[in-house]
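Everything on this sheet refers to the single structure shown next.
The values are calculated or read from the model by the stated rules, or taken from the named source; none is laboratory data. The structure presented is a predicted model; accordingly, all values stated were derived computationally and were not measured. No Cβ is skipped: glycine too gets one built from the backbone with ideal geometry, and neighbour counts run over all protein chains shown.
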Amino acid sequence: MSVSTLQSSISRSKSKLIDLRKKLSKEQETETKTRKEIVKIQKELVRTKSQTLIKSKLSKLERLNKTLQMSIKEQSSLNKKITEESKKLHRLEEQLLSLEKREMKKQISSRIQAENRIEANQQSLLEELYKYKKSIEIHTENLFEQENLVAQYDVFISHASEDKEEFVRPLAERLIEEGLKVWYDEKKLTWGKPTRRSIDQGLANSRFGIVVLSEAFFNKAWTNYELNGLVARHLSGEDLILPIWHNVDYHDVMKFSPSLVDITALKSSEMTIDEIAEQLINLLKDE
């Protein structure tokens with residue numbers, strides 16, 4: 001039997017008890033009233049000498065006695081029903097309490113299992129990120145060996161293409177105007193150049209990573225690849241991730257990546273592109 005079924009049964013039982021007690025109270029009132037009438041008629045009989053009146057009162061007295069006996073009998077039946085229903089209610093409440101305890105134990109067990117799975121997944125993610133960081137480092141060393149010089153960048157901008165026109169391009173151009181070296185896919189991903197290799201170079205050789213978090217960003221494979229690279233460096237102790245929340249809020253970011261919520265972010269809903277650029281420029285120049 002489920003918790004909801006037991007709760008419904010308990011509710012019905014309580015309602016039935018209330019109804020039975022109301023009936024019992026009514027019968028008790030009937031008994032009290034009838035006894036008073038009987039006493040009254042008995043007193044009148046003592047004073048009455050008319051045989052006709054005596055006969056009438058005796059007849060009424062007989063009816064009242066029948067009413068009294070029926071009321072007493074009904075009260076006895078109601079008391080029995082109330083006792084049985086009270087026992088039934090007690091059993092149902094005990095069953096509900098027992099079932100709720102079992103359900104609570106199941107919920108606690110499920111929660112512990114879920115927490116263990118989350119912990120295992122987090123450990124697995126850290127291991128994967130560590131491997132990814134090592135692969136980036138090895139790959140970067142190979143790139144340095146293959147190329148005499150790899151450009152150093154002030155910032156790497158990770159973003160979704162849907163946010164380029166409205167937000168990312170104006171921000172990148174503003175930073176470039178201030179003389180900053182910006183890794184930006186529109187400038188660095190050229191025809192015939194390997195995309196992943198170019199991204200890896202940008203990730204490994206940028207002082208900071210600007211991450212433009214948006215609904216489009218959350219659904220992109222390449223943005224997740226870029227973010228993983230930045231997180232790998234961040235976990236190694238480098239405070240290099242600079243998040244910008246673009247038309248998203250705390251709950252959106254929390255759902256996508258709880259670890260990113262703890263990193264202070266700028267919000268496009270509260271600041272203009274020039275204001276965001278100014279803060280980034282000041283931060284980069286102070287480094």
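Structure notes:
- The set of residues from the range 46-98 being more than 30 Å from Thr5 (Cα to Cα), assigned to a helix (DSSP H, G or I) and among the β-branched types (Val, Ile, Thr) comprises Val46, Thr52, Ile54, Thr67, Ile72.
- Residue count, the range 1-56 (criterion: among the hydrophobic types (A, V, I, L, M, F, W, C), under 30 Å from Lys88 (Cα atoms) and touching a residue at least 24 places away in the same chain (Cβ under 8 Å)): 7
- Residue in the range 248-264 that is over 30 Å from the mean Cα position of the chain (by Cα) and either at pLDDT below 85 or not β-branched (Val, Ile, Thr) (or both) present: no
- Single condition Glu100 does not satisfy, out of (1) in the same structural domain as Arg21 (by TED's automatic domain parsing); (2) at pLDDT below 85; (3) acidic (Asp, Glu): (2)
- On inspection, Ser109 passes the criterion of being under 30 Å from Met1 (Cα atoms) and part of a helix (DSSP H, G or I).
- Residue within the range 215-238 that is assigned to a helix (DSSP H, G or I), under 26 Å from Ser124 (Cα atoms), modelled with pLDDT under 80 and hydroxyl-bearing (Ser, Thr, Tyr) present: yes
- Residue within the range 175-188 that is at pLDDT 85 or above, surrounded by fewer than 16 Cβ atoms within 10 Å (Cβ to Cβ) and part of a helix (DSSP H, G or I) present: yes
- Ser25 being more than 24 Å from Thr67 (Cα to Cα) and in the same structural domain as Ile82 (by TED's automatic domain parsing): no
- Counted residues, the range 43-90 - those being under 54 Å from the mean Cα position of the chain (by Cα) and among the hydrophobic types (A, V, I, L, M, F, W, C): 3
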